[in-house]
Amino acid sequence: MIGVELDGNQLDDFFQELDTLPPRLMLRLNAALGPLLYTALGGSLQKHFSGSSPAHGPAGKVLTSRSGNLFNSVMASLQTSVQDDAITISIGSSLPYAAVHEYGGYAGRPGPFKKKTGHRPYLPARPYLNPAMDDLVAALPDLVDQAYSQVADTL
């Protein structure tokens, strides 16, 4: 599985503000934050997928979507949790080709090939997970403010 995780070490100053919240409020904040993060992740991933491309076409510098499986697997992987005074966010994909698209590498199954001219194409790195997580990190303070406003309205 390829994945990216964000925890309190990356946003120490931000999470110090959360230290003052009681555990009950942190749980409610996590519940309100989940849908906001899901929406933000979908928007961020759309920037890193350039649309659709023909099957068996050349791999360009930007990731394209043929079936939508990679996009959907990342969206389905979004997890948030609250432990003590930290919110943990993780995204990833369990698809076998997810890492090849993120970091680059040889696509397809290794030989032997039916044809003598068969080979495995090399795909250049076309990052989508790390940039999407960077976008979430940048948006997180605003998203937490929105979630906190939703929670505060119910108190």
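Residues that are at pLDDT below 80 and over 18 Å from LEU37 (Cα atoms) number at least 2 in the following strands (runs of 3 or more DSSP E) confined to segment 47-155: 49-52, 63-65. Is it true that TYR97 is open to solvent by 40 Å² or more (accessible area, probe 1.4 Å), in contact with a Lys or Arg (Cβ under 7 Å, 6 or more places away or on another chain) and over 25 Å from ARG28 (Cβ atoms)? So TYR97 does not fit the description; no.
Only residues that are open to solvent by 100 Å² or more (accessible area, probe 1.4 Å), farther than 27 Å from PHE71 by Cα and of a type outside the set (S, T, N, Q) were counted across segment 101-118, and they come to 4.
The values are calculated or read from the model by the stated rules, or taken from the named source; none is laboratory data. This structure is a prediction, so every number in the text was calculated from the model and none was measured. We place every Cβ from the backbone using ideal geometry, glycine too, and count neighbours over all the protein chains shown. Surface areas here come from the heavy atoms of the whole protein model, side chains and all, with no ligands, DNA or RNA. Shrake-Rupley method; radii C 1.70, N 1.55, O 1.52, S 1.80 Å.
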